[in-house]
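Notes follow the structure.
The values are calculated or read from the model by the stated rules, or taken from the named source; none is laboratory data. Being a predicted model, the structure only gives us computed values, none of them experimental. When we count neighbours, we look across all protein chains shown, and the Cβ atoms used for this are built from the backbone with ideal geometry, even at glycine. Just the protein is used for accessible areas: all its heavy atoms, side chains included, with ligands, DNA and RNA removed. Shrake-Rupley method; radii C 1.70, N 1.55, O 1.52, S 1.80 Å.
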Amino acid sequence: RGRSYFALKKLSGRGAYRVFDPHAGPHGDYRALHRIPNSQLTRQQIEILRRIGGANANRNFPGIVDFVHQRGDVFVVIAWVHGTNLRAFLNAVRDRKTPRPSVSEVVRLVRGLVHGVSHYHRRTNIIHGDISPANLVISSGTKNLVLIDFGAAWPIERAAQREIDA
């Protein structure tokens, strides 16, 4: 679509990259770029990401910024969540490198996440499928828990089918 992104770091073996978007704001910003083979599952995942963003967006989920089909692949660009993943944060607390958060702060973070996930399920009819400390980021600015990595997400309509398949 005429936009250029500069690849900075490979995030996983599944085709995820941290990229820089020079067009995001006055000084640019980071994004997550996912390269996904074009298939029915890919179209489903893009629909999931589109449901997350747009009118149903909430601060507990990164939004889709852009996507393009190119040579049998789909490139999806998602807003970068600035912060620390919960797994690394808990390890730092355990190792006494980071102070332990107060009970009220933990309750505020978890309550916000639960509210966001409840809203997410109700409004988008999508199940995340992999809520874990590695897939939660404590955002830098607003100090919210943000759920990332929607690779295991599926439409709620398929929940019964997944239980049977499992």
Item checked: Solvent-accessible heavy-atom area per residue, rounded to whole Å², over the stretch 102-146 at 1.4 Å -> 54 Å²
Next item on the list: Beta carbons within 10 angstrom, averaged per residue: use that to sort the peptides 19-29, 89-99, 110-120, highest first.
Entry: 110-120, 19-29, 89-99
Next item on the list: Compute the distance in nm between two label points, each set 7 Å from the Cα along the Cα-to-Cβ direction, one at Gln70 and one at His23.
Entry: 1.2 nm
Margin query: For a quick check: with amide H placed at 1.01 Å from N, whose amide H comes under 5 Å from Asn38's, ignoring anything fewer than 5 positions away on the same chain?
Written below: Asp73, Val74
Notebook entry, point to check: What is the calculated FRET efficiency for Lys9 to Ile131, with r their C-beta to C-beta distance and R₀ = 22 Å, to the nearest 0.05?
Noted result: 0.35
Checklist line | Estimated distance in nm for a label pair at Ser140 and Asn91, the labels positioned 7 Å out from Cα along Cα-to-Cβ | finding: 2.0 nm
